[in-house]
């Protein structure tokens, strides 16, 4: 099943202009809240109508402004898992599942009962959504969608309604559901770890645009833009000044860095905190330790380079830091670990 | 004691509540979908009868429905129906006065409705009619029910517009409220008091019902 999206919509504050395609893969749209990810899903599902553009699923046109095609959501066969799951609160779990069965209601009961068994929720059949745990609600909502037989699956921040300790277990379950579904899935998330674990490919979304698209490994290795780097969890970012000798000056850190061929469009340099290396080497930095932030299993050591304006974060093993604690350190930034970023 | 005024009040209140129930819900549903500016204007017009003195509403209705006025003359000529000074004239007057109560409570209920439920229903292929009657209405049930009972209670007590449009004809247009006024005016204090007590008892029962509905709403 392939999905092709190329749409435009003017919204208060920004213009949504999304173009991407996906084929039998799980695509994660990773972006800050308000970047237009959920709005894109709503356009695909037909809940919101774009101003212009084209949407198709496996050659079936759902929306085309030129041809005046705009299928109602009822005819799109797009499964949409809402953030809060949108279970009908006055119906029991079983009745909610029954709402998912399309067409002929004969045999619907058996299908709903089969789904309850698959979900391991037979005992909860007659409970109202408010009496179910967050995880159970998610399973019923997914079951309701799967009974509906959608061509593609859209997941809108599937874990935002759950406590963090529940997420991990449910994530495994959702991964299995996605695998069994076996067709195109679009996942919207602002959590890079969750997006990475659940998806095959990724698109970074900023201000209503896709700024990077590729396999998740490629996206994390080359986020392309400053905001993209931040989205993928890169916290050390500095504007740069390109020098005539091909090197660059990282303005915030006050150090000159060599990174091979620096693209002309590069405006920022970034390095992930765990990629910062201890000791002398290429792109050396000498600095004072300004703060040590303790994480559960590591330390983030903030190092202010000599002559720099802002400190750099350096993630080290907790016990290692206990043995090597110092007020000033020498670090180096390996050239392969540097991210060269556009605005 | 002639019970006609009670029977008349009840049927006027029941019929006007039934009309306003559907009209209020329909208009509340569509008004919520209007662009903001038009919605503001529509809201003012639809709520106006709530704040206008009932006599003003009565006056305006007479200007429309009187036998020589535009609507009244038309109804008389085409349908052979008098729109004033009959018991059903009171239904028109009462419906106009109580309409805003139903409209506003229904609108409040619809506004607190989580639209993603309707959207989820649409993506699952459920028809919009099904979504309205089987999802939106049941989820908003408590608010709409409370609004309906309140509307009925207010309809039962309507006096101003009713007395102007339907007048007071014993055995034909007399309602509890117009009867109380007539009895008091003619110094029949004992009978007036009995009607007052009947009215208070019914209104109290209706308000008790509203409170019970509200409490269940809180518990649900």
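No value in this document is a laboratory result; all are computed from the given coordinates. This is a predicted model, so every value here is computed, not measured. Positions of Cβ are generated from backbone atoms using ideal geometry, with glycine treated the same way; all protein chains shown enter the neighbour counts.
Being surrounded by fewer than 19 Cβ atoms within 10 Å (Cβ to Cβ) and under 13 Å from residue A:5 (Cα atoms) is the filter; apply it to region A:55-75 and report the residue that is nearest to the other protein chains (Cβ to nearest Cβ).
Let us first name the residues in region A:55-75 that are surrounded by fewer than 19 Cβ atoms within 10 Å (Cβ to Cβ), namely A:56, A:58-61, A:64-72, A:74-75.
After this cut, where a residue has to be under 13 Å from residue A:5 (Cα atoms) as well, the list is A:56, A:58-61, A:64-65.
Values: A:56: 17, A:58: 17, A:59: 20, A:60: 15, A:61: 18, A:64: 19, A:65: 20 Å.
Ranking the candidates gives A:60 first.
Out of B:191, B:207, B:197, B:213, I need the residue that is without any contact (Cβ under 8 Å) to a residue 40 or more places away in the chain and either in contact with a helix residue (DSSP H, G or I) (Cβ under 7 Å, 6 or more places away or on another chain) or part of a helix (DSSP H, G or I) (or both). Which one?
B:197
Would you confirm, using the coordinates I've provided, whether residue A:341 is touching a strand residue (DSSP E or B) at 6+ places or on another chain (Cβ under 9 Å) and farther than 16 Å from residue A:221 by Cβ?
No; evaluated as a whole, the condition is false for this residue.
In region A:76-117, which residue that is within 11 Å of chain B (Cβ to nearest Cβ) and free of Cβ contacts under 8 Å to residues at least 12 places away in the same chain is surrounded by the fewest Cβ atoms within 10 Å (Cβ to Cβ)?
Per the stated criteria, the residue is A:103.
Considering B:125, B:121, B:143, B:147, which residue is free of Cβ contacts under 8 Å to residues at least 60 places away in the same chain, crowded, with 21+ Cβ neighbours inside 10 Å and either assigned to a helix (DSSP H, G or I) or away from chain A (no Cβ under 14 Å) (or both)? Outline the logic, then answer.
Working: B:125 fails: either assigned to a helix (DSSP H, G or I) or away from chain A (no Cβ under 14 Å) (or both); B:143 fails: free of Cβ contacts under 8 Å to residues at least 60 places away in the same chain; B:147 fails: free of Cβ contacts under 8 Å to residues at least 60 places away in the same chain.
That would be B:121, the only listed residue that is free of Cβ contacts under 8 Å to residues at least 60 places away in the same chain, crowded, with 21+ Cβ neighbours inside 10 Å and either assigned to a helix (DSSP H, G or I) or away from chain A (no Cβ under 14 Å) (or both).
Counting only residues that are within 16 Å of residue B:155 (Cα to Cα), give me the helices (runs of 4 or more DSSP H) lying completely in region B:1-96 with at least 2 of them.
The helices (runs of 4 or more DSSP H) meeting that bar are B:4-31, B:36-51, B:54-65.
Would region B:151-162 turn up any residue that is surrounded by 19 or more Cβ atoms within 10 Å (Cβ to Cβ), in a helix (DSSP H, G or I) and within 14 Å of chain A (Cβ to nearest Cβ)?
There is no residue in region B:151-162 that is surrounded by 19 or more Cβ atoms within 10 Å (Cβ to Cβ), in a helix (DSSP H, G or I) and within 14 Å of chain A (Cβ to nearest Cβ).
Output the residues belonging to region A:118-140 that are within 14 Å of another protein chain (Cβ to nearest Cβ) and under 23 Å from residue A:169 (Cβ atoms).
Passing the criteria: A:129, A:130, A:131, A:137, A:138, A:140.
Which ones in region B:101-118 are part of a helix (DSSP H, G or I) and within 11 Å of chain A (Cβ to nearest Cβ)?
B:115, B:116, B:117, B:118, listed by residue number.
Kindly provide the set of residues from region A:8-30 that are over 16 Å from residue A:79 (Cα atoms) and crowded, with 23+ Cβ neighbours inside 10 Å, ordered by number.
Result: A:16, A:18, A:29, A:30.
Out of region A:291-327, which residues are in a strand (DSSP E or B) and loosely packed, with under 12 Cβ neighbours inside 10 Å?
A:291, A:293, A:294
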